[in-house]
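Chemist: Okay, here's the structure, questions in a sec.
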Amino acid sequence: MGELLEMENISKCFGSFYANRNVNIDVRRGEVHTLLGENGAGKSTLMNVLIGLYQPDGGKIVMNGQEVQIVSPRVAVQHGIGMVHQHFMLIEDMTGLENIILGDKRHASPLLKEADDRASIKEIMDRYGLEIDLDKRVADMSIGMQQRVEIMKVLFRGADLLILDEPTAVLTDLEVEGLFDIMSALIAEGKAIIFISHKMREVMRISNRVTVLRRGESIETLDLADTTEQELADLMIGQKFTESIYEKVSTTDKTALELKSVSYRPEVKHGGLKDVSLAIHEGEILGVAGIDGNGQTPLAELVTGLIKPETGRVVGPDGSEIALFSPSAFIGAGLGNIPEDRNKMGLVGDMTIAENLVLKQTQSDRFSYGHGAWLKTSSIKEYAEVLKDENDIRCTSVNQTARSLSGGNQQKVILARELAAHPKLLVAVYPTRGLDIGATEFIHNQIVAQRDAGCAVLLISADFDEVLKLSDRIAVLFEGQIMGTYRGENPPIKEISLAMAGK
Amino acid sequence: MDFFATLPTILRATTMGAVPILLAALGEVFSERAGLVNIGLEGIMGIGAFVAFAVGKLTGNLWLGLLAGMLAGMLVNLLYAFCTVTLCADQVVTGMAINVLVPAIALFGYNLFVGSNSANATGEQMASLSIPGLASMPYVGDAFFAQTPLAYLAFIMVPLVSLFFKRFRLGLSFRSVGENPHASETLGINVVRVKYAACIVCGALAAAGGAFLTLCYTPIYTDGIVMGRGFIALATVIFGRWSAVGALGASLLFGFFDGLNVALQAQFQAAPVMFFKMIPYLVTIIALIFFGSKHAGPKANGQPYLREQR
Amino acid sequence: MSKKEALSLEERNERRLAVLTPIVSVFLALLVGAIIIACLGKNPLVGYGAMLQGSLSDVSKIGKTLERACPLIFTSLCAVFAYKCGVYNLGGEGQFIMGGCASAAVILGLGVEGPGALSLGLVAGIVAGGIWGLIPGVMKITRGLNEMITTIMLNYIALYFMEYIFKNAYSDQGLPKTVAVPQSARLPEVLGTHVGVVLAVLLGVFLWYVIFRTSFGFKIRAVGMNPIASRVNGFSVKRLVLLAFILSGVIAGLGGAVEFLGKTPFRLADGFGSGFGFDGVAIALIAQLNPLASIVVALLFGVLSTGGTMMQSVIGVPTAIVDIIRGLIIIFAVAGMAMVKLPKIKAYLANLGPKFKKAEASA
Amino acid sequence: SGSSSGGDSSSSESGSETSGHKVAMIMSGTVTDGGWDQGHYESLKRAIDSHSGWEMLEPKESTANADAATAAQSYVDQDVDLIIGNGNQFASDWMEVVADALESHPNVHFLITNTDPVTEMTDYESLANVETVLPDFTQTGALAGVVAGLMTQTKNIGFISGMKLPSSLKKFSAYLAAARKIDPSIEGQYNFEAGFTDASLGTKLTEQWISTNDVDVMWGDASVVDDGARQALEHAGEDTHFDIAQPIDIVGPDQPTVVTSTVIDWMIGQAMDEVEAGSFGDGKVIEANMENGGIMLGSFSDKVSADIQAKIADYSDQIKSGSLLADEDISDIMGTLG
Ligand SMILES: Nc1ncnc2c1ncn2[C@@H]1O[C@H](COP(=O)(O)OP(=O)(O)OP(=O)(O)O)[C@@H](O)[C@H]1O
Ligand SMILES: Nc1ncnc2c1ncn2[C@@H]1O[C@H](COP(=O)(O)OP(=O)(O)OP(=O)(O)O)[C@@H](O)[C@H]1O
Ligand SMILES: [Mg+2]
Ligand SMILES: [Mg+2]
């Protein structure tokens, strides 16, 4: 048949829940085969089965016409399968080189053969134009380079079939182009790639064929040439999908927060701020565009009170300078925060959904007697039920842990909590990273609704499309500096792109 | 007191005191590098001390005693491994349970072994081995070059362990498992096997540290003979920043201040000596304050690992 | 609607397991103990009978058992509170001892008597325990030092400090024990035990309320589970962590003062508080960090101690047997509770449920 | 540990119909500690051998402070006639048990060793069912002192005790005073805080004294810590460094440094006699001394020449008659001990 891989009737349950049910997919040499599906559709699960991390509860895997049992990632490597995981699988404290050669078994010697390995890695780097600083600690690398390390790990082990699980979720457009170049070079050599992404633009651009998964089942496999973006989107969510277009508003002059010549560790290129002046107005969305690692994190931390500027002033809505930089002070002044890392910063994963929804309000009279002296558990639960329905949080009960939710639903919990407090300033950092089109749409709608209600929104995103789509004004951040501020209505895309590259 | 007159004895006490801690700490380095914090060192040292004592006495062969002790340590730590690695139980509590259970087993064994026959209560001692020439050096000669073979072995272990983590494929795998087991697994490293291996090595080394107490220090076993050395070993691993050389430095430091404590006790006899006894512990804390960086060690240290869980 | 019921059934099952596992582990440990006893040629049934008889057979025995459990309740509550906030306080013993020392120092040092002295002694214990908890807390917050190590080191320092108290500072005629607390400053007796036991139980109930029913406890738990998210969401994490250190120290310190003021011989001497800290940690974890369950488990440990002593003397087995049983209980409980949380076992147990249901229905 | 004569409990319960007596011993350490508790245990065994009709229960070893009262209570419940506590630490822990037993179990008696009821049992309301044993520590110390004085070449002798008890202070003072009767230039090193479990501390302390103070004879009063001291002596040379053991006779080929032992018998036989006769109690103090065989020197190793042995015998007679040491000799030294 010429197929490199066939997965037939694969099923995988977690407890009594089927993450995959009778999934079928076949992959040919020299193609990019895209898996498309909503959050929780079972894409990663299927791939984890293929790579030997999970053991399937049913079905079979055929490689090159022969049935194989992939009982561990090691076996997968032997069959020439390699995977770049959705969440990076890197040892942050080790160098790029160490990460790449880790666990590799090509030498019989128990000793490390760094020089040999370095040479073969260099060769691969040259062949595909992968640029990696091998002696840098992964923790000190940019996200893009980390991803290249991930790809190198797979190539170094001689994979014929590469699985890329949402590789672009964290990349800038420029880096995505670089990745696509590498992918093209790989398939030109006859290797096969399974690609997962929620960004339809990318899917349309790079795929040869697309398999759509829905609720753990494979729906259809289509040649890209025979389909359209709309058809794929409809198949994926199981109903007609319409993407909203938001009206841009012109800026009011009521300032919610203003940074005046603010600096924070200006000597650091990636992770500092240099002489930043920026005003966020009520009733507008100010989008911050820029390549990840150019000061987004300190900017977000600064406007949420997590860090204190080293020089410069921060002025509140009434024109008074803010002196106390603590999250609670900012929250008290009306801050809503959708933080960068929902698991680490947004939610207490081991607490229930209900508890996460009232996280900041346990002392309020609504949820406790005597200013926090006795929690009203039933009020909390009722409130959670209401928010759950309003925000379409999909869960079996508000008493299940937040950790057990999918990313999209976790994000909805955070959004519900933050918006229920009617913030005056909403800071949203990468709010839709990794979310499917449906969830993304929902989050976007909510953010725009807040703006329309008069809230000032600071949107920080590495997704340029998202910034363009939502922002009323666009500021560009490069190496900790604001390169310029641009209008959101018919934005000068070319100029902005250049500014993002520091030109 | 004349510090320089007592120095050779303090130094001798330093090395004698450092060796058992060092051995246990080296074991703990393996364990923590693979992501397992083992508070049960104390108990493992205890069983090592007893079994080495009993088998050494029974067979008259101290090396056999040492091996038996190490074997016992491995077995005990396999129990720890089963609970923490296979069952994903809490590491601190499991270690704590080891510390309650294992010394009790050792004491029980001792009761059976010695019975009321006090002739069984005193065992054999390893003879020390002077290195000709070096042993007669002033100050350090007696302390460093007139040791028991087991002590030399302990010191030789330090560069070997260092080398293992720096230059060996398996050493790199150990480290990766402690940093990010999920990533290690995706690279074909068998995380569970590495963790078990770490536990076996840790059990053997910690038990050897215990065996040193009965084979090289004093020829008797008593309940509580480990006297908190297992906990000190834990501290030296942190203080030594999870490296073998660091652990050596930290255990020598502790040994030195423990030696100083005894020297002070010996010379200032009428003073409230309990304040001298605090010295090694105070120094450990102070040393940690000044040199124990915020570096928290292997990232996944102390966390359970299940393959099919994120 | 049916979904909700299914979940609550699952929740109920989980809760049932959480209670059942420790109970089963206790029985397993006793079973292994029985086998060892039988191997020694003694009758385990007689032994266990003696254990019950020696610990629970009459009011005064129950009183003694409660008194034995009392310090363990305090140290386990100390561990519960710290762990709930993500603080691995292994220094319960040191804090307990310092509580006893401070209590002794103020009462014997000032030579006071009467209920005033009693309250002073308790307060001193609270303060000293709090300080002994504060020290590792400050070291953790400012220098990032691992509290497991610092608290263990502080245990030793406390131990030697106590030696100074009972051998030098307040020694009874040069003997290695302090002068006894004056009769009038001792904790009053109730029903064959001292009132400290009541205090311990009330404290347990109070802590349950604080941890699970107040906003403060909510924050403590949140910090314990995810300090970063807690900070982002406006909790003063460092302050809460420090408070957890202090309060857990306070609990243990109060325990030390109660032990000193309530239990014969009303003195500090060698062995005061010995092993209570680690036992407390084990109890807390068997109780799954629930203050109320901690009280129950501590009582079990009390029964084991008093009854175990009786068992040894009646059937003549080595002391180590009781320690072995205790160790087995801890390890079985820990392993058992981990085991039922494993996905495979969980799935198996979840499948058991419906099967039982079906069997019941068809029967 | 060792098998008791009584077998299991069923027989011991039925044993109450015979007129036999039961005795139990409670200790902090173990019967094989090579020191304190072993000495007590051997005294008890000797007493049992010479008293038919007495049955010994399994000794209660490793008794934690917190369990000391419960342990005693468990024997009270079994109507054990004589409950022995090895050391004064039991005096304060047993206060309540003893008082309760007086009413509920009048046939139960308590013997606490190394305890002076006048100073250490002031808490007790009644001493009707209690006696103590108090060895003459001046005699023990003096015996060890003359041996040390005769054996030392360097004129430096050492002493390690587990705990700073009045008895330890008295022992050391008599030890040094007696040694100085032989050579007034003799210096004594001491440590009263070594505990009873850390053998390595004994080694380290002794090594210190050997190297900086030239100590060549040690006398130990700290159970296994003494073993540690012997270790250091052996390391320094077993032909020139000597140890005096106590409280049991352990001279033998596996203890090359031990030249003799100061042996204490805890007079348990006398207590048993009193129990049988019904005269036990009232806080009497049973004294153990050289006259009644409670205190003696054990056998000598071949390192003690016949000549020295003869001198020791001479001095022993003086000690026995009280003529060797004057009270001031002892109190002078005791005053320097801090
Ligand atoms: N380790 C796990 N344990 C339990 N359930 C899991 C686990 N992994 C996945 N699941 C379940 O399987 C379903 C599919 O998850 P999976 O990660 O495969 O989704 P996905 O399609 O990759 O989603 P996304 O687009 O968000 O990456 C989820 O809804 C989840 O409920
Ligand atoms: N530890 C866990 N235990 C049980 N189920 C889990 C666990 N982790 C994840 N899941 C399940 O996996 C599903 C998908 O989770 P996942 O985190 O992959 O979603 P996601 O949308 O990919 O999130 P993200 O965008 O953060 O990667 C969830 O629906 C959840 O039920
Ligand atoms: Mg996924
Ligand atoms: Mg995702």
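The values are calculated or read from the model by the stated rules, or taken from the named source; none is laboratory data. Fair warning: this is a prediction, and the values are worked out from it, not measured in the lab. As a convention, Cβ positions derive from the backbone with ideal geometry for all residues, glycine included, and neighbour counts pool all protein chains shown. When the accessible area is computed, the model is the full protein with side chains, heavy atoms only, and any ligands, DNA or RNA have been set aside. Shrake-Rupley method; radii C 1.70, N 1.55, O 1.52, S 1.80 Å.
Chemist: Pull out all pairs, ordered by first then second residue, where Cβ-Cβ is under 6 Å, the residues are six or more apart or on different chains, the first lies in the range A:139-163 and is touching a residue at least 40 places away in the same chain (Cβ under 8 Å), and the second is crowded, with 20+ Cβ neighbours inside 10 Å and of a type in the set (K, R).
Modeler: A:D160/A:K191
Chemist: Looking at B:E32, B:E28, which is the one that is at pLDDT 95 or above, buried (at least 22 other Cβ atoms within 10 Å of the Cβ), within 30 Å of B:L253 (Cβ to Cβ) and touching a Cys at 6+ places or on another chain (Cβ under 7 Å)?
Modeler: B:E28
Chemist: Could we say that A:M204 is away from ligand 1 (no atom under 16 Å from the Cβ), over 24 Å from A:G96 (Cα atoms) and hydrophobic (A, V, I, L, M, F, W, C) here?
Modeler: yes
Chemist: Among the basic types (K, R) and over 23 Å from A:L259 (Cβ atoms): which single residue out of A:R473, A:R451, A:R433 fits that description?
Modeler: A:R433
Chemist: Here is a list: C:L66, C:L31, C:L45. Which entry is farther than 30 Å from C:M139 by Cβ and in contact with a strand residue (DSSP E or B) (Cβ under 9 Å, 6 or more places away or on another chain)? Write out each step before concluding.
Modeler: Values: C:L31 fails: in contact with a strand residue (DSSP E or B) (Cβ under 9 Å, 6 or more places away or on another chain); C:L45 fails: in contact with a strand residue (DSSP E or B) (Cβ under 9 Å, 6 or more places away or on another chain).
Exactly one residue qualifies, and that residue is C:L66.
Chemist: If I go through the range A:83-119 residue by residue, how many of them are in contact with a Phe, Trp or Tyr (Cβ under 9 Å, 6 or more places away or on another chain) and buried (at least 18 other Cβ atoms within 10 Å of the Cβ)?
Modeler: 5
Chemist: A further question on this structure: Filter the range B:12-61 for residues that are outside any helix (DSSP H, G or I) and more than 29 Å from B:D90 (Cα to Cα) and give the result.
Modeler: We begin by selecting, within the range B:12-61, every residue outside any helix (DSSP H, G or I); these are B:34-40, B:60-61.
Of everything in the range B:12-61, those that are outside any helix (DSSP H, G or I) and more than 29 Å from B:D90 (Cα to Cα) turn out to be B:G60, B:N61.
Chemist: Additional query: Given the criteria touching a Lys or Arg at 6+ places or on another chain (Cβ under 8 Å) and either among the acidic types (D, E) or modelled with pLDDT of 95 or more (or both), does D:D239 qualify?
Modeler: Yes: the conditions hold for D:D239.
Chemist: Looking at (1) open to solvent by less than 10 Å² (accessible area, probe 1.4 Å); (2) in a loop (DSSP other than H, G, I, E, B); (3) within 16 Å of ligand 3 (Cβ to nearest atom), which is the only condition A:E38 fails?
Modeler: (1)
Chemist: Go through the residues of the range A:321-331 one by one and say whether even a single one is outside any helix (DSSP H, G or I), within 10 Å of another protein chain (Cβ to nearest Cβ) and charged (D, E, K, R). Talk me through it step by step, then tell me what you get.
Modeler: As a first pass, look at the range A:321-331 and keep what is outside any helix (DSSP H, G or I): A:321-326.
From what is left, the residues that are within 10 Å of another protein chain (Cβ to nearest Cβ) are A:326.
Still in the running and charged (D, E, K, R): none.
Within the range A:321-331, none of the residues are outside any helix (DSSP H, G or I), within 10 Å of another protein chain (Cβ to nearest Cβ) and charged (D, E, K, R).
Chemist: Give the range A:345-394 a look and list any residue that's open to solvent by less than 30 Å² (accessible area, probe 1.4 Å) and within 7 Å of another protein chain (Cβ to nearest Cβ), or say none.
Modeler: Hits for the range A:345-394 are A:G346, A:L347, A:V348, A:G349, A:M351, A:L359, A:T362, A:S368, A:G372, A:L375.
Chemist: Tell me, please, whether a residue that is within 13 Å of ligand 1 (Cβ to nearest atom), in a loop (DSSP other than H, G, I, E, B), open to solvent by less than 20 Å² (accessible area, probe 1.4 Å) and of a type in the set (G, A, S) can be found in the range A:48-69.
Modeler: no
Chemist: Which of the numbered conditions does D:S52 fail, given that it passes all the others? Conditions: (1) more than 7 Å from every other protein chain (Cβ to nearest Cβ); (2) in contact with a Pro (Cβ under 8 Å, 6 or more places away or on another chain).
Modeler: Only one criterion in (1) more than 7 Å from every other protein chain (Cβ to nearest Cβ); (2) in contact with a Pro (Cβ under 8 Å, 6 or more places away or on another chain) is unmet by D:S52, namely (2).
Chemist: Among the numbered criteria (1) in contact (Cβ under 8 Å) with a residue 40 or more places away in the chain; (2) closer than 24 Å to C:M337 by Cβ, which one does C:V250 miss?
Modeler: Of the numbered conditions (1) in contact (Cβ under 8 Å) with a residue 40 or more places away in the chain; (2) closer than 24 Å to C:M337 by Cβ, the odd one out for C:V250 is (2).
Chemist: Could you please find all residues in the range A:429-440 being open to solvent by 20 Å² or more (accessible area, probe 1.4 Å) and part of a helix (DSSP H, G or I)?
Modeler: Hits for the range A:429-440 are A:I437, A:G438, A:T440.
Chemist: Filter the range A:6-35 for residues that are part of a loop (DSSP other than H, G, I, E, B) and in contact (Cβ under 8 Å) with a residue 60 or more places away in the chain; which is most open to solvent (accessible area, probe 1.4 Å)? Steps first, please.
Modeler: If we filter the range A:6-35 for residues that are part of a loop (DSSP other than H, G, I, E, B), which is where we start, we get A:15-16, A:29-31.
Narrowing the set further to residues that are in contact (Cβ under 8 Å) with a residue 60 or more places away in the chain leaves A:29-31.
On the way: A:R29: 123, A:G30: 30, A:E31: 11 Å².
Checking each candidate, the answer is A:R29.
Chemist: Additional query: Within the range B:229-247, is there a residue that is touching a residue at least 40 places away in the same chain (Cβ under 8 Å) and within 14 Å of chain D (Cβ to nearest Cβ)? Reasoning before the result, please.
Modeler: Keep residues of the range B:229-247 that are touching a residue at least 40 places away in the same chain (Cβ under 8 Å), which gives B:229-245, B:247.
After this cut, where a residue has to be within 14 Å of chain D (Cβ to nearest Cβ) as well, the list is B:229, B:232.
Checked the range B:229-247: at least one residue is touching a residue at least 40 places away in the same chain (Cβ under 8 Å) and within 14 Å of chain D (Cβ to nearest Cβ).
Chemist: Still on this structure, please answer the following. Of the residues in the range C:95-142, how many are open to solvent by 40 Å² or more (accessible area, probe 1.4 Å), touching an Asp or Glu at 6+ places or on another chain (Cβ under 8 Å) and of a type outside the set (K, R)?
Modeler: 0
Chemist: If I go through the range B:160-200 residue by residue, how many of them are over 26 Å from A:L155 (Cα atoms), surrounded by 22 or more Cβ atoms within 10 Å (Cβ to Cβ) and of a type outside the set (G, A, S)?
Modeler: Selection size over the range B:160-200: 3.
Chemist: Would you point out which residue out of A:G52, A:G15, A:G30, A:G37 is in contact with a helix residue (DSSP H, G or I) (Cβ under 7 Å, 6 or more places away or on another chain) and within 16 Å of ligand 4 (Cβ to nearest atom)?
Modeler: That would be A:G37, the only listed residue that is in contact with a helix residue (DSSP H, G or I) (Cβ under 7 Å, 6 or more places away or on another chain) and within 16 Å of ligand 4 (Cβ to nearest atom).
Chemist: Okay, next question. Of the conditions (1) outside any loop (DSSP other than H, G, I, E, B); (2) within 14 Å of chain B (Cβ to nearest Cβ); (3) closer than 24 Å to A:H198 by Cα, A:L90 fails just one. Which one is it?
Modeler: (1)
Chemist: Same structure, new question: Look through B:G141, B:G133, B:G115 and report the one residue that is surrounded by fewer than 24 Cβ atoms within 10 Å (Cβ to Cβ), touching a Leu at 6+ places or on another chain (Cβ under 8 Å) and over 27 Å from B:F231 (Cβ atoms).
Modeler: One residue alone meets the criteria, B:G141.
Chemist: Please list, ordered by first then second residue, the pairs with beta carbon atoms under 6 Å, 6 or more apart or interchain, first in the range C:271-293 and more than 9 Å from C:A79 (Cβ to Cβ), second β-branched (V, I, T).
Modeler: Matching pairs, first to second residue: C:G273/C:I97; C:F276/C:T75; C:I286/C:V297; C:A287/C:V297; C:P291/C:V80.
Chemist: Could I ask something else about it? Restricted to the range A:148-171, and to residues that are within 13 Å of ligand 4 (Cβ to nearest atom) and within 21 Å of A:D133 (Cα to Cα), which residue is nearest to the chain's Cα centre (by Cα)? Give the derivation first.
Modeler: Let us first name the residues in the range A:148-171 that are within 13 Å of ligand 4 (Cβ to nearest atom), namely A:165-170.
Then keep just the ones that are within 21 Å of A:D133 (Cα to Cα); that gives A:167-168, A:170.
Values: A:P167: 9, A:T168: 8, A:V170: 5 Å.
Among those residues, the one meeting the criterion is A:V170.
Chemist: If you don't mind, another one. Identify, please: which residue in the range D:68-91 is more than 19 Å from C:K42 (Cβ to Cβ) and surrounded by fewer than 24 Cβ atoms within 10 Å (Cβ to Cβ) and is, among those, farthest from the chain's Cα centre (by Cα)?
Modeler: Looking at residues that are more than 19 Å from C:K42 (Cβ to Cβ) and surrounded by fewer than 24 Cβ atoms within 10 Å (Cβ to Cβ), I get D:D79.
Chemist: A:Q78 versus (1) within 11 Å of another protein chain (Cβ to nearest Cβ); (2) within 16 Å of ligand 4 (Cβ to nearest atom): which is the lone unmet condition?
Modeler: A:Q78 satisfies all of (1) within 11 Å of another protein chain (Cβ to nearest Cβ); (2) within 16 Å of ligand 4 (Cβ to nearest atom) except (2).
Chemist: Can you name the residue in the range C:154-170 that is at the interface with chain B (Cβ under 7 Å from one of its Cβ atoms) and within 19 Å of C:G137 (Cα to Cα) and, of all such residues, is most open to solvent (accessible area, probe 1.4 Å)?
Modeler: C:Y156
Chemist: Open to solvent by less than 10 Å² (accessible area, probe 1.4 Å), within 16 Å of ligand 2 (Cβ to nearest atom) and in contact with a Leu (Cβ under 9 Å, 6 or more places away or on another chain) - does that describe any residue in the range A:173-193?
Modeler: no
Chemist: Would you check if there is a residue in the range B:276-284 being at the interface with another protein chain (Cβ under 7 Å from one of its Cβ atoms), over 18 Å from B:A34 (Cβ atoms) and among the polar types (S, T, N, Q)?
Modeler: Yes.
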